[in-house]
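Worksheet: one structure, shown below.
The values are calculated or read from the model by the stated rules, or taken from the named source; none is laboratory data. Because the structure is predicted, anything quoted here is derived from the model rather than measured. Glycine also receives a Cβ, built like all others from the backbone with ideal geometry; neighbour counts cover every protein chain displayed. Quick note on the areas: whole protein, heavy atoms, side chains included, nothing else; ligands and nucleic acids left out. Shrake-Rupley method; radii C 1.70, N 1.55, O 1.52, S 1.80 Å.
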Amino acid sequence: YSHTLQTSEPNEFDIMLVMPVARLQLDESDDTGAYYYLTFKRNPKEKHLLEFLDEDGKLSAFKMLQALREIIKREVKHIKHAEVTVKRKKAGSPAITLEIKHSTTEISVDIILTLEVQQSWPPSTQDGLKIEQWLGTKVRRDFRNKSIYLVAKQNKEEKVLRGNTWRLSFSHIEKAMINNHGQSKTCCESDGPKCCRKACLKLLKYLLERLKMEHTKELEKICSYHVKTAFFHSCAMWPNDTDWHLGDLDHCFQKYLSYFLDCLRKSELPHFFIPKYNLLSQQDKASSNFLSRKINNQLNNRFPIFQE
């Protein structure tokens, strides 16, 4: 699926290229609980994937991405109606990026290699997804029964960049939570009550996007996923639809924002699905402090950035 949350004309898209795999063995590659080495159990159904194992028998994200790159490069040559190029690989980026030019428009599309494994979620997720009060126990159970997604992602913390780690991805669940975000089933439906949850998320995303444009270097460690994670925590902390009344947008936005500022101040933002994984590690403290100053500045001056 593809999604974009840019408030202006969208020109960047993510597409997950999903490959189903029957069963894999997941071994944590570090203590985040998010990054894994993948190996096959005996006699895998996926004989075609055996060529992508490294010397230790681990499934190599690097080898698979290389092969996928070649296929895509070969295929885009046949596209008639637009000029499509495969961008040079960015170090550590899991995506294969296409630049598409068509008459006056230019967009970039990130293709993200994703494995879909139908087995239960690993132990690091056990205490995550605290949505019982917000969306209910049944919804949580249904979510946790969905497949695991793993994306080819280099772990920055790894001393040796071998390219054989994979990171858990919950974007399919995140999308479902954003789309069905109400405690009441009819929240924001045409005939149901309206809330401002999505508006709050969009505002903070936009704020970060604008600040990142102005201060690219200082804020390179902070991304929209931080904002999204803080959003889910806020939804869980204020679970009622009445906590997000459409008429109280400014008040709700302030609440969500001050929670986010609190996370920045403490350098603590637990991954929503993997509670022990802190998305704002101490190494990124400079970025956190910088962003915190910039946001407070906006806050105290009634958000000039939204007036522009």
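Here the stretch 105-206 was treated as a single set of alpha-carbon atoms; its pair distances binned every 10 Å from 0 give 12, 32, 33, 20, 4, 0 percent.
Quick check: residue separation of R144 and K194 times 0.36 nm, minus the Cα distance between them. What number comes out in nm?
Between R144 and K194, full extension yields 15.2 nm more.
Compactness of the stretch 38-171 is given as radius of gyration and Dmax, 18.3, 52 Å, from Cα positions. For K266, a cut-off of 25 angstrom between C-alpha atoms picks up these lysines, skipping any fewer than 8 places away in its own chain: K130, K156, K202, K205, K212, K217, K221, K228, K255, K276, K285, K294. Converting phi to 3J(HN,Hα) with the Karplus coefficients 6.51, -1.76 and 1.60 and the offset θ = phi - 60°, the stretch 255-268 yields 5, 4, 5, 5, 4, 4, 4, 4, 4, 4, 4, 7, 6, 9 Hz in sequence order, with x at every glycine or proline. Highest mean first, the peptides 136-143, 226-233, 248-255 sorted by other C-beta atoms within 10 Å per residue fall in the order 226-233, 248-255, 136-143.
For T85, the accessible surface of its heavy atoms amounts to roughly 60 Å² (probe 1.4 Å, protein chains only, rounded to the nearest 10). Karplus-derived 3J(HN,Hα) values for the stretch 292-303, using 6.51 cos²θ - 1.76 cosθ + 1.60 with θ = phi - 60°, are 4, 4, 5, 5, 4, 4, 5, 4, 6, 10, 6, 6 Hz; glycine and proline are entered as x.
With charges set only on the Cβ (+1 for Lys and Arg, -1 for Asp and Glu), what does the dipole of the chain come to about its Cα centre, in debye to the nearest 20?
Numbers: 48 positive and 39 negative charges, 79 e Å.
So the magnitude is around 380 debye.
Taking 45 Å as R0, compute the FRET efficiency from the Cβ-Cβ separation of K175 and N43 and round it to 0.05. Spell out each step's value before the answer.
Values: r = 34 Å, r/R0 = 0.77.
Approximately 0.85, to the nearest 0.05.
Overall size of the chain from C-alpha positions, given as principal axis extents largest first: 56, 48, 44 Å.
How long is the gain from T97 to L53 if the chain were fully straight, where each residue apart is worth 0.36 nm and the alpha carbon distance is subtracted?
Length gained between T97 and L53: 13.4 nm.
Close amide H pairs (under 5 Å, H built 1.01 Å from N) link T97 with K87, I111, residues at least 5 positions away or on another chain.
Using a ≥ b ≥ c from the Cα gyration tensor of the stretch 183-307 (square roots of the eigenvalues), is it rounded, prolate or oblate, where a/c under 1.5 gives rounded and otherwise the larger of a/b and b/c decides, a/b for prolate?
Working: a/c = 2.27, a/b = 1.44, b/c = 1.57.
The shape class here is oblate.
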